[in-house]
Amino acid sequence: MNRINQKLQEDKKLLSIYFTAGYPKIDDTVSIIQDLEKNGVDMIEIGLPFSDPLADGPTIQDSSTAALKNGMTTELLFNQLKGIRETVTIPLIIMGYFNPMFQYGVEPFCQKCQELGIDGLIIPDLPVDVYHEQYQAIFEKYGLINVFLITPQTSEERIRYIDSISGGFIYMVSSASTTGAKSGFGDEQTEYFERIAKMNLKNPQVIGFGISNNDTFTQATKHAKGAIIGSAFVKHITKNGAESLNTFVKSILN
Amino acid sequence: MLTQMKKENIMNKEIKNTAQQVPSPTGRVREGLALKICGMKYEDNIAQTASLQPDYLGFIFYEDTPRHFDTKIPEISEDIKKVGVFVNAEIGTIVEKVNEFKLDAVQLHGEESPYFCSILRSTSLVTRPIELIKVFSVQEGFNFEVLEQYENVCDYYLFDTKGKLPGGNGYTFDWSLLNDYSSTKPFFLSGGIGLDQLDDIKKFKDSDASKYCYAIDVNSKFESEPGLKNTSILREFINKLKGKKTMNYNVDEKGYYGEFGGAFIPEMLYPNVEELRQNYLKVMAEPDFQNEFNQLLKDYVGRPSPLYFAKRLSEKYNAKIYLKREDLNHTGAHKINNTIGQILMAKRLGKTRIIAETGAGQHGVATATVCALMGLECIVYMGEIDIARQAPNVARMKMLGTTVVPALSGSRTLKDATNEAIRDWINNPVNTHYIIGSAIGPHPYPDMVTRFQAVVSEEIKWQLREQEGRENPDYVVACIGGGSNAAGTYYHYLHEPDVGIIAVEAAGLGVDSGESAATSVLGKEGIIHGCKTLLMQTKDGQITEPYSISAGLDYPGVGPMHAHLCKTGRAEFMSITDDEAMTAGLELCKLEGIIPAIETSHALAIFGQKEFQQDDVVVVSLSGRGDKDLENYIDYFKI
């Protein structure tokens with residue numbers, strides 16, 4: 001069974017952390033992954049940086065620009081991840097935009113992911129219908145779970161469609177925004193979380209965007225299986241260095 | 001398709017009874033054949049089918065058919081004639097329907113006598129002039145002598161397959177029987193015509209039997225169920241019927257031009273883009289939309305823009321060079337055609353807030369202008385570097401009441417301004433419309449922008465007919481950044497294989513210099529701003545920074561339609577350096593007294609590089625005026 005599905009079966013709320021590969025320093029990738037697992041994180045999204053990250057706010061834009069400046073490439077990330085499964089057991093997901101994968105070749109990219117022990121992909125600008133028609137068979141051939149996003153504006157019909165295509169979890173974007181734009185949840189979000197929870201989807205939901213501390217993590221996971229933190233984590237390591245990530249993770253989980 | 005204006009006067013004179021040369025009633029130029037889509041039944045489906053712009057839509061007022069029409073006809077373009085189909089109905093019934101549904105034509109499908117036709121034709125009870133179409137069913141043979149007595153009492157004949165039902169039987173008759181057609185009255189060809197008959201139609205068109213064939217009539221072969229038309233199959237049929245080549249250069253049902261296009265957008269944008277996709281053709285087909293659009297283009301923008309024969313330039317380069325003067329539009333470029341269209345679209349979609357991206361500021365000013373005109377809030381994203389180097393346009397936008405927001409990410413130019421506008425849209429999904437300024441972005445943007453800009457080639461057609469006696473030049477030429485002025489200039493010529501299409505890109509300091517924007521040479525297939533197209537990028541798929549002296553051509557991609565034109569070889573792509581463009585721009589000043597925008601100067605620089613024949617008619621889109629570039633010209637020529 002895919003590590004993502006296994007993890008989703010555990011009887012606990014999951015904390016997933018996003019970071020940009022090659023940031024702050026080019027060689028931080030592996031140590032960040034290992035330290036996150038050591039500190040109790042359940043799942044990791046490794047950000048493959050892109051020059052034009054449309055769905056991201058300033059924090060992740062800046063970390064991506066810096067990572068590219070540091071020399072991060074698809075090839076280099078794959079090299080860094082060689083042997084990662086000797087030390088890390090939690091699910092690993094690569095999150096990135098479609099063009100770099102498209103240039104690498106979707107099938108070679110997926111094949112490489114399988115070789116390295118990557119469990120899934122999140123590609124915000126690969127629409128669900130294009131995935132379904134052109135790429136689903138390739139993803140499945142290499143045992144990869146593709147994770148789709150839904151937002152407060154996504155219609156019920158479309159959520160059901162996305163649920164039917166998904167095979168891991170659904171990434172619930174907390175509000176209409178880019179990453180790192182909002183802090184704290186209002187009634188609107190709570191209503192949305194409850195509405196989705198009531199739909200009894202076949203895939204569990206994990207909430208992302210706007211989760212930055214213990215408070216928002218608790219609120220989000222009240223209605224969902226887990227939550228994803230990206231911008232707040234990137235901000236923390238920008239300020240304090242990757243070595244200090246344990247204090248951040250502790251502040252969320254306690 | 002969107003403007004009427006002057007051409008109607010020119011074309012309407014020669015409508016009837018000169019088959020093959022008969023232009024469609026609206027003056028659109030066809031490959032000899034008009035199109036009637038019959039058996040319309042459902043309101044939404046009628047609107048969708050009308051957006052394909054057939055010449056006639058047919059409504060069957062005969063109860064014993066599943067296609068019996070008993071609902072409402074939505075507002076559709078006045079260019080489309082509404083035909084009522086009757087089977088042995090009484091005059092009173094026909095008159096009543098004509099008046100109630102404002103029918104333009106009546107098709108008689110029963111055993112109506114010549115006398116009946118003459119009464120109907122001369123009755124003063126109908127409130128509007130009607131065309132009369134008399135149907136004859138053909139089986140194994142047909143006695144054309146029957147027609148004689150109808151010769152003076154109807155406008156068209158229609159030949160249908162004889163079957164169990166009066167029409168809608170779904171199979172064809174032997175069209176070679178029409179070799180014996182003894183009349184000179186134009187006729188409709190009907191009966192079981194579908195995609196499978198395209199080859200037969202082609203053969204028929206090339207044969208003597210089609211000499212007086214005026215139109216093709218289709219019905220059941222394009223239905224998902226009786227009365228419900230499948231618009232995607234219809235579109236394919238129309239494209240193939242109209243095009244001499246089988247290649248389709250228009251967008252397909254899924255938003256692709258060949259392998260390019262699509263909508264590669266994050267889920268957060270899906271509702272906005274989907275709302276637009278579902279509505280844009282419908283809204284554009286509404287008569288009140290078209291009226292308002294045409295009126296504003298005429299009174300506010302100053303259209304039609306002149307098609308000017310550049311005599312001295314022509315003498316120098318030994319070709320007949322015409323300049324399509326988009327530079328004379330309000331705000332000084334073609335950009336306003338699109339922003340007028342999109343602001344009207346935004347209003348009809350109930351949007352109250354407008355966002356846009358801009359590079360040099362031309363599209364920003366055009367958007368700020370229409371927002372002022374309509375009293376809508378406007379936010380324009382502009383790269384921090386561009387803000388510094390295009391101060392006059394920033395001031396113009398501010399005077400027009402627009403908020404200019406600097407894009408601080410990435411290289412802080414057009415690409416990043418576009419990213420910021422998209423991010424704004426993600427954050428404001430309900431009340432905001434994003435007016436994209438070029439023929440780029442996720443479907444339906446490239447198609448929508450192209451259709452709004454298509455007024456350019458629509459005008460060129462009738463203007464050239466007036467001046468040269470023909471509608472097709474030998475070449476149309478336009479500069480390409482994202483490609484909106486080019487898309488508009490080419491649109492009505494895409495499927496005219498005798499018209500050469502020339503696309504002029506900015507080579508910057510030279511294609512191999514590393515400082516260039518020649519996407520067709522340097523680009524590879526990839527995804528930028530929501531569409532798959534040709535794109536300048538690293539081996540690793542990171543989008544690279546282009547360079548050109550002209551801010552309007554300084555974009556790392558090209559619209560998906562142009563990528564398709566490039567890949568299929570339909571268009572010839574040329575690259576022009578900064579130096580060549582500047583020289584050509586100054587030459588136009590001296591020879592014709594016109595100071596062009598530097599973007600446009602690239603298109604002019606092909607003269608002297610490409611050889612033309614002496615009689616070649618070459619139409620160049622003079623996309624913008626040079627006022628905004630004075631500083632650049634001054635610096636470059638040390639004036």
How far, in degrees from 0 to 90, does helix B:578-592 lean away from the longest principal axis of the Cα atoms of chain B, to the nearest 10? 70 degrees
Please compute the alpha carbon radius of gyration of region A:109-237, then divide it by the globular-protein estimate 2.2 N^0.38 Å. Two decimals is fine. 1.09
Evaluate peptide B:423-432: per residue, the Cβ atoms of other protein chains within 10 Å of its Cβ; return the mean as an integer. 4
If you build the Cα gyration tensor of region A:1-77 and take the root of 5 times each eigenvalue, what three semi-axes come out, in whole angstrom, biggest first? 25, 14, 11
Given backbone amide H placed at 1.01 Å from N, residues whose amide H is under 5 Å from that of residue A:170, ignoring those fewer than 5 places away on the same chain, are A:205, A:206
Would you mind putting B:602-608, B:468-474 in packing order, based on average other-beta-carbon counts within 10 Å, highest first? B:602-608, B:468-474
Bin width 5 Å, alpha-carbon pairs only: give the P(r) of region B:271-357 as whole percents, running from 0 to the bin holding the largest distance. 3, 12, 18, 17, 15, 12, 8, 6, 5, 3, 1
Using the Kirkwood radius over Cα pairs of region B:568-639, the Stokes-Einstein translational diffusion coefficient at 4 °C and 1.567 mPa s, in µm²/s and rounded to a whole number, is 99 µm²/s
Once all Cα-Cα distances of region A:136-211 are split into 10 Å bins that start at 0, what whole-number percent is in each one? 18, 49, 27, 6, 0
Principal axis dimensions, chain B - Cα atoms, whole angstrom, descending: 81, 56, 46
Calculate how steeply helix B:231-242 sits against the longest principal axis of the alpha-carbon atoms of chain B, using the helix alpha-carbon long axis, and give the answer as 0 to 90 degrees to the nearest 10. 90 degrees
Sort A:130-136, B:138-144, B:384-390 for me by packing, meaning the mean count of neighbouring Cβ atoms within 10 Å per residue, highest on top. B:384-390, A:130-136, B:138-144
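Among the listed pairs B:415/B:628; B:41/B:221; B:532/B:567; B:229/B:282, which are separated by more than 18 Å between their Cα atoms?
The pairs that break the limit, which is 18 Å between Cα atoms, are B:415/B:628.
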Rounded to a whole number, the mean other protein chain Cβ count within 10 angstrom for residues of B:404-413 is 2
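Rounded to two decimals, what is the ratio between the C-alpha radius of gyration of region B:51-173 and 2.2 N^0.38 Å?
Compared with the compact-globule rule of thumb, region B:51-173 sits at 1.05.
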In whole Å, how far is the Cα centre of region B:372-447 from that of region A:169-213? 29 Å
How large is the Rg to Rh ratio of region B:108-166 when both quantities use alpha carbon positions and Rh follows Kirkwood? 1.00
Report, as an integer, the average count of C-beta atoms from other chains found within 10 Å of each Cβ along B:532-542. 6
For the protein assembly as shown, what is one quarter of the convex hull surface built on the Cα atoms, given in nm²? 39.3 nm²
Given R₀ = 30 Å, FRET efficiency for residue B:252-residue A:140 by Cβ-Cβ distance, to 0.05? 0.60
How would you classify region B:317-387 from its alpha-carbon gyration tensor, with a ≥ b ≥ c the square roots of the eigenvalues: rounded for a/c under 1.5, else prolate if a/b is greater than b/c, otherwise oblate? oblate
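Based only on Cα atoms, what Rg/Rh ratio does region B:37-107 have, Rh being taken as Kirkwood's radius?
Answer for region B:37-107: 0.93.
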Extension reserve of the residue B:100-residue B:196 stretch, reckoned as 0.36 nm per residue once the Cα distance is removed: 30.9 nm
Sort A:60-66, A:198-204, A:40-46 by the packing proxy (mean of other Cβ within 10 Å over each peptide's residues), most packed first. A:60-66, A:40-46, A:198-204
For region B:486-639, share of DSSP beta bridges that run antiparallel, in % to the nearest 5: 50 percent
What is the dipole size for chain A, taken about its Cα centre, with +1 at each Lys and Arg Cβ and -1 at each Asp and Glu Cβ, in debye to the nearest 20? 460 debye
Among bridges DSSP assigns within the protein assembly as shown, what percent are antiparallel (round to 5)? 15 percent
Can you pull the three principal axis extents for the Cα set of region A:14-253, in Å, largest first? 43, 41, 32
Between A:154, A:137, A:93, whose Cα lies farthest towards the positive end of the dipole of region A:58-187 when Lys and Arg beta carbons carry +1 and Asp and Glu beta carbons carry -1, centred on the Cα centre? A:93
Neighbour counts of other C-beta atoms within 10 Å: give me B:40, B:345 arranged from fewest to most. B:345, B:40
Round to the nearest 10 and give me the degree value, 0 to 90, for the angle of helix B:287-296's Cα axis relative to the longest principal axis of chain B. 40 degrees
Sorted from largest to smallest, which semi-axis lengths in Å does the alpha carbon gyration tensor of region A:57-168 give for its equivalent ellipsoid, taking the root of 5 times each eigenvalue? 25, 19, 14
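Where a number appears in this text, it was derived from the coordinates with a stated rule and is not lab data. Being a predicted model, the structure only gives us computed values, none of them experimental. Positions of Cβ are generated from backbone atoms using ideal geometry, with glycine treated the same way; all protein chains shown enter the neighbour counts.
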